[in-house]
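Asks: Below is the structure I would like to discuss, written out as structure tokens.
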Amino acid sequence: MALVIFDYDGVLADTLDDLIRFGQAACDQLGVKHEVTKDDLSHLEVMSFTTFGRACEVPEHLVADFVKISLKLFAEKESPPAIFEGMSAVIQHLSINHKLAVVTTNTSQNVHAFLTHHGLDSLVHAVYGVDTPGSKAQKITLARERFVENGEAVFMIGDALSDVRAAKEAGVTSIAVTWGHQSLETLMRGESDYVVSSPEYLIEVIER
């Protein structure tokens, strides 16, 4: 058995269009004259709503408001985001023999709504969102302390350079996925333990 930790945005949830749309709405509400594009996300050193706001040229004193507005718009969305093709089957397969968790800069409420919508909430043992104190590396450590008892392997699956760095800081195996929001050039700078280009390969890496 292993502990398998997923990032949310860009790994499980296809939120790119929502991020761009809600980021633009937040900028508009705050009076920030900036056209939000994918490039505002793809080259971030740290993938979070805070750094996203800064990339969108939001003044520092308004960044917290940008984060609050963006998360509120996600929570108010009529239906949760789409799940990346193949990820539902991967989660169902891995849940049979492994413990699953999510560590994200989104809210745990939004993640649970997404998992429930896609029939997966009962398969994920814990969600550590932006509402859980601490860095991403600290949240990975929290999950490991809670679920790992006999030295089992721990994997952190992310689509961003910051996910890889958090995994390394926490001392767990990093798996970078290429279907997320960050450019491959930026992602590869993290020198992750594994790089996978499609969801089914996650099973091969974790269960080899």
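Asks: The conditions are (1) of a type outside the set (Phe, Trp, Tyr); (2) in contact with a His (Cβ under 6 Å, 6 or more places away or on another chain); (3) in the same structural domain as Val124 (by TED's automatic domain parsing), and Leu41 fails exactly one of them. Which is it?
Replies: (3)
Asks: Let me ask something else. What tally of residues in the range 1-49 results from selecting those that are touching a residue at least 24 places away in the same chain (Cβ under 8 Å), surrounded by 17 or more Cβ atoms within 10 Å (Cβ to Cβ) and not in a loop (DSSP other than H, G, I, E, B)?
Replies: Residues that pass the stated criteria total 17.
Asks: Would you confirm, using the coordinates I've provided, whether Thr104 is of a type outside the set (Phe, Trp, Tyr), in contact with a helix residue (DSSP H, G or I) (Cβ under 9 Å, 6 or more places away or on another chain), closer than 25 Å to Leu30 by Cβ and surrounded by fewer than 20 Cβ atoms within 10 Å (Cβ to Cβ)?
Replies: Taking the combined requirement at face value, the residue does not satisfy it.
Asks: Follow-up. Do you know which residues across the range 1-33 are more than 13 Å from the chain's Cα centre (by Cα), among the small types (Gly, Ala, Ser) and over 25 Å from Glu57 (Cβ atoms)?
Replies: Selection gives Ala2 alone.
Asks: Within the range 175-197, how many residues are surrounded by fewer than 23 Cβ atoms within 10 Å (Cβ to Cβ) and in a strand (DSSP E or B)?
Replies: The qualifying residues number 3.
Asks: Turning to a different aspect of this structure: Examine the range 56-63 for a residue that is touching a helix residue (DSSP H, G or I) at 6+ places or on another chain (Cβ under 9 Å) and assigned by TED's automatic domain parsing to the domain that holds Ile175, and state whether such a residue exists.
Replies: no
Asks: So which residues in the range 108-131 are acidic (Asp, Glu) and either assigned to a helix (DSSP H, G or I) or buried (at least 17 other Cβ atoms within 10 Å of the Cβ) (or both)?
Replies: Correct list: Asp121 only.
Asks: Any idea which residue in the range 132-174 is nearest to Lys68 (Cα to Cα), counting only those that are among the hydrophobic types (A, V, I, L, M, F, W, C) and outside any helix (DSSP H, G or I)?
Replies: Ranking the qualifying residues of the range 132-174, first place goes to Ala160.
Asks: Let me ask something else. May I ask you to say which residue of Ser88, Ser79 is closer than 30 Å to Val148 by Cβ and either more than 17 Å from the chain's Cα centre (by Cα) or not aromatic (Phe, Trp, Tyr) (or both)?
Replies: Ser88
The values are calculated or read from the model by the stated rules, or taken from the named source; none is laboratory data. A quick note: this is a predicted structure, and the numbers were derived from the prediction, not measured. Please note: Cβ atoms are built from the backbone with ideal geometry, for glycine as well, and neighbour counts cover all protein chains shown.
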